[in-house]
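The values are calculated or read from the model by the stated rules, or taken from the named source; none is laboratory data. Predicted, not measured: the structure shown is a model, and the values here were computed from it. Ideal geometry is used to build each Cβ from the backbone, glycine not excepted, and the neighbour counts take in all protein chains shown.
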Amino acid sequence: MASKIKQRGDKKIWWYYGNFNNQQYRESLKTTDKGDAKHAQAQLDAKYNVPDVVIVKKKKNPLWAEFWPTYEAWGKLHREPKTLAIQKAHWDKLEKFAKPLRLGDVRRETVEAFKKHRRGEVGEQSVDNNLKDIQTLYNWAIDHGHYSGTNPAKGVVRFRPKPPAPDSWSREEIDRLLEKSSGKLKMLILLCTFCGLRKKEATNITWEQFNFTEKVIHIRENPRFKIKTDEWRFVPMPDRVVEAFQPLAGTGFVFESTYNSGKKYEYVFDPKIHIQEALRAAGLDTGDPYQKLRRTYIRLCIEKNISIGKIAQRTGHSIKILQKHYLAIKPYDSEIADL
């Protein structure tokens, strides 16, 4: 497909979808007339269908001595001083062992040898922590465009690899999490767990999307949020969600965040930081929490014998994607939970 046009929304506005040179384009044509839409489509095709220009990027391999000051300047703004000090100590251990001139001088075999060397000095967990920080620093160098090589610590087997985290949580675990949550965080968890919303769909939701009479939420775009899939959808609200939200109903964004006075980097409500605190208090794994809440919703739907088609419609997935990525979730045999 080079391009297509499609009507969307209640007002039947035509939208343009193009795919040229491995780049996707989407924009409103701001018309309900098909003839005007086709004319605009031809203009956009001419605009976007240009020869792909191959840009040859220069490889980056910074001096070892220059890298740490660069990371440290960033780390002072984004890392705790204690974390930065530990990372520096681990980085220095690798430098003392390998004596590299540039970041690219450290290979995977170098890290493997360093792992054995460090095991002769400290315990297994300490070695694993050292390797984790080396991998983190190389990832940062790659992600921030300072280094174009591969991460030499990636794939090096740890002594104590973490057990795989659960795909979803049980009803009892969700109840514990809700018990340790309050205010906006509790409302957000309810939306993700019992309505199956993605994190961005939930955090950018407006009160105007709630229909408490019909007990449904209209998942659609708004001025600060573009929906992940093309199709807007309606999601049913269980009674516990209606009871939590209806008394607070207002206008505008439900989860509008503002700064705490005098604290530059801290929000009154931060969906990432606050849920981490609640998860630790509930004794639950802190990895990828919003994805687990969404998987929990799908598991609850499966346990209620809701069809795959309906689950796909509610979550905004195709049945193919749902089967590939979500339906491998193993339900808890001892529990049949009510949504």
Kindly check whether there is at least one residue in the range 142-157 that is more than 28 Å from residue 271 (Cβ to Cβ), touching a Gly at 6+ places or on another chain (Cβ under 6 Å) and not assigned by TED's automatic domain parsing to the domain that holds residue 273. yes
By residue number, the members of the range 214-248 that are in a loop (DSSP other than H, G, I, E, B), in contact with a strand residue (DSSP E or B) (Cβ under 7 Å, 6 or more places away or on another chain) and either of a type in the set (Phe, Trp, Tyr) or without any contact (Cβ under 8 Å) to a residue 60 or more places away in the chain (or both) are 215, 232, 237
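Pull up the range 164-176, narrow it to residues that are under 11 Å from residue 285 (Cα atoms) and out of contact with any Asp or Glu (no Cβ under 6 Å at 6 or more places or on another chain), then point me to the one that is modelled with the highest pLDDT.
Residues of the range 164-176 that are under 11 Å from residue 285 (Cα atoms), as a first pass: 164-169, 173.
Checking which are out of contact with any Asp or Glu (no Cβ under 6 Å at 6 or more places or on another chain) leaves us with 164, 166-169, 173.
Numbers: 164: 57, 166: 60, 167: 81, 168: 87, 169: 91, 173: 94.
Among those that are under 11 Å from residue 285 (Cα atoms) and out of contact with any Asp or Glu (no Cβ under 6 Å at 6 or more places or on another chain), it is 173.
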Complete set of residues in the range 163-213 that are without any contact (Cβ under 8 Å) to a residue 40 or more places away in the chain, outside any helix (DSSP H, G or I) and not small (Gly, Ala, Ser): 163, 164, 210, 211, 212, 213
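From the set of residues in the range 1-25 that are among the charged types (D, E, K, R) and in contact (Cβ under 8 Å) with a residue 40 or more places away in the chain, which is farthest from residue 209 (Cα to Cα)? Working first, answer last.
At the first step, the residues of the range 1-25 found to be among the charged types (D, E, K, R) are 4, 6, 8, 10-12.
Narrowing further to those that are in contact (Cβ under 8 Å) with a residue 40 or more places away in the chain: 6, 8.
Working: 6: 23, 8: 17 Å.
Here the residue is 6.
Regarding the range 288-303, can at least one residue be identified that is modelled with pLDDT of 80 or more and farther than 19 Å from residue 198 by Cα? Full working, then the answer.
Step one: of the range 288-303, the residues modelled with pLDDT of 80 or more are 288-303.
Narrowing further to those that are farther than 19 Å from residue 198 by Cα: 303.
Within the range 288-303, one or more residues are modelled with pLDDT of 80 or more and farther than 19 Å from residue 198 by Cα.
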Return the total of residues in the range 176-211 being closer than 16 Å to residue 228 by Cβ, touching a strand residue (DSSP E or B) at 6+ places or on another chain (Cβ under 9 Å) and either surrounded by fewer than 19 Cβ atoms within 10 Å (Cβ to Cβ) or of a type in the set (A, V, I, L, M) (or both). 5
Suppose we filter the range 98-154 for residues that are out of contact with any Lys or Arg (no Cβ under 7 Å at 6 or more places or on another chain), over 21 Å from residue 75 (Cα atoms) and part of a loop (DSSP other than H, G, I, E, B); how many remain? 12
